[in-house]
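**Student:** First the structure, then my questions, so here it is.
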Amino acid sequence: MLRINTLGGYFHEYQKSVSNPEDFWSDIAQTFYWRKKWDTTLEWNFEEPKVEWFKGGKLNITENIFERRMFTHADRPAIIWESNSPDEPSITLTYKQLHEKVCQFANVLLKNGVQKGDRVAIYLPMLPEATIAMLACARVGAVHSVVFAGFSANSLSDRIIDAECKLVLTSDGSYRGGKNIGIKTIVDEALERCPTVEKVIVLKRTGEAINMTPGRDVWWHDETEGVSTENKAQEMDSEDMLFILYTSGSTGKPKGVVHTTGGYMVYTQYTFENVFQIDAGDIYWCSADIGWITGHSYIVYGPLLSGSTVVMFEGIPTYPHVGRFWEIIEKHKVTHFYTAPTAIRSLQASGLDPVTPFNLSSLKVLGTVGEPINVEAWQWYHTHIGKGKCPIVDTWWQTETGGMMISPIAGITPTKPAYATLPLPGIQPILVDSEGKELKGNGVEGNLCIKFPWPSMLRTTYGDHERCRQTYFSTYKGLYFTGDGVKRDEDGYYRILGRVDDVINVSGHRLGTAEVENAINEHPLVNESAVVGYPHDIKGQGIYAYVVLEKDGQSHDKDAMKSSIISTVNKIIGPIAKPDKILIVSGLPKTRSGKIMRRILRKIAEGDGSNLGDITTLLNPEVVEEIKVGAGL
Ligand code: 7RM
């Protein structure tokens, strides 16, 4: 794999990737194992949109993880799994062992009727079996749709229905800190409205009593018993679907972002190795959950394609104590640590006492992802975790981009706190104003778009290509629109400012305000609601909900109403979407055409009741004063 190792080298590669993208990516793609070489490197237009990389190439991504290097990598650790409980021994799987387990489970999928192109939902805790499940799907050519195991039954069934999944892979329960979550029970509830699901394969994790529906539910250990550990991988076209991953947008229900095989493979390995500057023997740990794109690209595919050793952690940063992350880094001699700013901020808030007992000298590179990092958190991470010697890679990217887009190359790109710095090779960012006019040069702020395709970009939104076009390719003609605002400073460095649409980022989790509003509105005593983000010290953004009750609700105790609204949101989406603040109001500020004036609600949520602009044209200007008073302003 082509490895950048100087700043000059980076600029050289970047230049080449822009002046001749096809040659640039072909050179990299050639280092992979293709059963048949591709016919055309790239075909594209951003109008339909259509993007095809390495078309006609035949491959299987798991052959590139396993068979491609089995001679040299068989005994290298692939996964080091760390339990939720520090008392349970960790488990190491070498590449050879992981290969056998993937092949065996691929045979289990085949035995259960899974065929190329079928969709399989994965609703599992952070266990090696989650990785095995994903790779086994890829092995047989099935499309995985991983659903974060913190989502509710309702969210799970929405995703299963949208993708018409045939099979669900889950476990009896899940350990998360001091809690034990009965995830099979959640699956049972979800499946009440999922007619396409024929089978459920259940992994035993907690051993609790669960319901097993005869004819539908089978145990993972029974299914694997005696099954061969050899499997011939299904041949895939470069543009065959690899997975679907649902993500929130500004309108409607979450969309199934579709990634395909060849381009995603090439891009995730390339960016993983270059951004992190991974060497043989390094121990890499990404603390994300496998249910998010970060888990897909940088716990599973990127690192395993590169033959690296990945730490996988089942638990949470604060269990059984707030130093757990640092304890794990010491225990496994982690060299590369990749986490979210929200985790850094919350651990920073506990001070240094939980950090100092642990030896963090194995660390070489630190990374962040998921949301803007504030300068203080960056400095704390750099000084107290990296001891001033580890470069920080602040990696900006999205579910839709498949891989990191704007990021330093560790130890090579000079960093600036809170800056994602420079685009990676192959990435051509462009800033536009609200009219779509390009903002050229440095020292500008605008909407972040990308003007040329890269191998791991989304191809469509599952089952609705028009929605993909509308969402990403119609705002600014001929450009992919990210939804983020960005500043390009005097040095040409990029600083992501956050979303410019109705998407909020809570602890690095993406949520649509409309999605949360719809959940709140499901409450029988709620008439309508408006949700906005507001700055939150730990979470980055918190969820602020303004709620108008039905007549019948107005006589209820306000606190009881609020907690009952919270449980509705937990039930409809999951605990990650729970509002931090609920303000019960008599009406929402609306224009004469009935549009909610979110700008006003955002300002009030930020704690700023002044300069609300001209409110005299509102249909109901009097509610603004009431809301300000209610918000304590
Ligand atoms: C990888 C991931 C995507 C949104 C994106 C941004 C925000 C992600 C950074 C960031 C500032 C970063 N995928 N975002 N990384 N903002 N600096 N380094 O998070 O689809 O879940 O979210 O997250 O707003 O559009 S995601």
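The values are calculated or read from the model by the stated rules, or taken from the named source; none is laboratory data. Fair warning: this is a prediction, and the values are worked out from it, not measured in the lab. Every residue, glycine among them, receives a Cβ derived from its backbone with ideal geometry; neighbour counts consider all protein chains shown.
**Student:** If a residue must be of a type outside the set (S, T, N, Q) and either within 27 Å of residue 463 (Cα to Cα) or crowded, with 24+ Cβ neighbours inside 10 Å (or both), how many such residues does the stretch 164-183 contain?
**Tutor:** Of the residues in that region, 7 qualify.
**Student:** For the stretch 73-125, how many residues meet the condition of being within 30 Å of residue 328 (Cα to Cα), free of Cβ contacts under 8 Å to residues at least 60 places away in the same chain and out of contact with any helix residue (DSSP H, G or I) (no Cβ under 8 Å at 6 or more places or on another chain)?
**Tutor:** Selection size over the stretch 73-125: 6.
**Student:** With the stretch 450-522 as the region, which strands (runs of 3 or more DSSP E) entirely inside it contain at least 3 residues that are under 30 Å from residue 415 (Cβ atoms), touching a residue at least 60 places away in the same chain (Cβ under 8 Å) and more than 16 Å from the ligand (Cβ to nearest atom)?
**Tutor:** none
**Student:** Condition first: touching a Lys or Arg at 6+ places or on another chain (Cβ under 6 Å), within 15 Å of the ligand (Cβ to nearest atom) and at pLDDT 95 or above. Can you find one or more residues in the stretch 433-446 that meet it?
**Tutor:** Looking for residues that are touching a Lys or Arg at 6+ places or on another chain (Cβ under 6 Å), within 15 Å of the ligand (Cβ to nearest atom) and at pLDDT 95 or above, one finds at least one in the stretch 433-446, hence yes.
**Student:** Anything in the stretch 424-441 that is farther than 14 Å from residue 480 by Cβ and surrounded by fewer than 18 Cβ atoms within 10 Å (Cβ to Cβ)? List them, or say none.
**Tutor:** Within the stretch 424-441, 433, 434, 435, 437, 438, 439, 440, 441 meet the criteria.
**Student:** Are any of the residues in the stretch 584-596 in contact with a His (Cβ under 9 Å, 6 or more places away or on another chain) and either touching a residue at least 12 places away in the same chain (Cβ under 8 Å) or surrounded by 16 or more Cβ atoms within 10 Å (Cβ to Cβ) (or both)?
**Tutor:** Within the stretch 584-596, not a single residue is in contact with a His (Cβ under 9 Å, 6 or more places away or on another chain) and either touching a residue at least 12 places away in the same chain (Cβ under 8 Å) or surrounded by 16 or more Cβ atoms within 10 Å (Cβ to Cβ) (or both).
**Student:** Kindly state which strands (runs of 3 or more DSSP E) lie completely within the stretch 214-306 and contain at least 3 residues that are more than 16 Å from the ligand (Cβ to nearest atom) and not aliphatic (A, V, I, L, M).
**Tutor:** Correct list: empty, since no element meets the threshold.
**Student:** For the stretch 370-395, which residues satisfy the criterion of being surrounded by fewer than 17 Cβ atoms within 10 Å (Cβ to Cβ) and either within 15 Å of the ligand (Cβ to nearest atom) or assigned to a helix (DSSP H, G or I) (or both)?
**Tutor:** Within the stretch 370-395, 375, 376, 379, 383 qualify.
**Student:** With respect to residue 344, is the statement that it is within 22 Å of residue 13 (Cβ to Cβ) and either at pLDDT 95 or above or within 15 Å of the ligand (Cβ to nearest atom) (or both) true?
**Tutor:** No: the conditions fail for residue 344.
**Student:** Return the residue satisfying two criteria in turn: it lies in the stretch 534-564 and is within 21 Å of residue 629 (Cβ to Cβ) and buried (at least 22 other Cβ atoms within 10 Å of the Cβ), and of such residues it is farthest from the chain's Cα centre (by Cα).
**Tutor:** Only one residue tops the list, namely 547.
**Student:** Here's a follow-up. Restricted to the stretch 523-533, and to residues that are buried (at least 19 other Cβ atoms within 10 Å of the Cβ) and of a type in the set (A, V, I, L, M, F, W, C), which residue is farthest from the ligand (Cβ to nearest atom)?
**Tutor:** Per the stated criteria, the residue is 526.
**Student:** Sticking with this structure for a sec: Pairs please, first residue from the stretch 535-550 and in contact (Cβ under 8 Å) with a residue 24 or more places away in the chain, second anywhere and in a strand (DSSP E or B) and hydroxyl-bearing (Ser, Thr, Tyr), Cβ atoms under 8 Å, 6+ apart in sequence or on different chains.
**Tutor:** What qualifies is 541/534; 542/534; 544/534; 545/529; 546/529; 547/529; 548/529.
**Student:** Report whether or not residue 519 is crowded, with 24+ Cβ neighbours inside 10 Å, farther than 24 Å from residue 342 by Cα, within 28 Å of the chain's Cα centre (by Cα) and hydrophobic (A, V, I, L, M, F, W, C).
**Tutor:** yes
**Student:** Residue by residue through the stretch 463-516, note down the ones that are farther than 16 Å from residue 432 by Cβ, hydroxyl-bearing (Ser, Thr, Tyr) and over 17 Å from the mean Cα position of the chain (by Cα).
**Tutor:** Scanning the stretch 463-516 gives 471, 493, 513.
**Student:** Check residue 577 against each of (1) of a type in the set (A, V, I, L, M); (2) within 21 Å of the chain's Cα centre (by Cα); (3) at pLDDT below 95 and name the one condition it does not meet.
**Tutor:** With respect to (1) of a type in the set (A, V, I, L, M); (2) within 21 Å of the chain's Cα centre (by Cα); (3) at pLDDT below 95, residue 577 is out only on (3).
**Student:** Quick one: would you say residue 256 is buried (at least 24 other Cβ atoms within 10 Å of the Cβ) and not hydrophobic (A, V, I, L, M, F, W, C)?
**Tutor:** Considered against the rule, which asks whether it is buried (at least 24 other Cβ atoms within 10 Å of the Cβ) and not hydrophobic (A, V, I, L, M, F, W, C), residue 256 comes out as yes.
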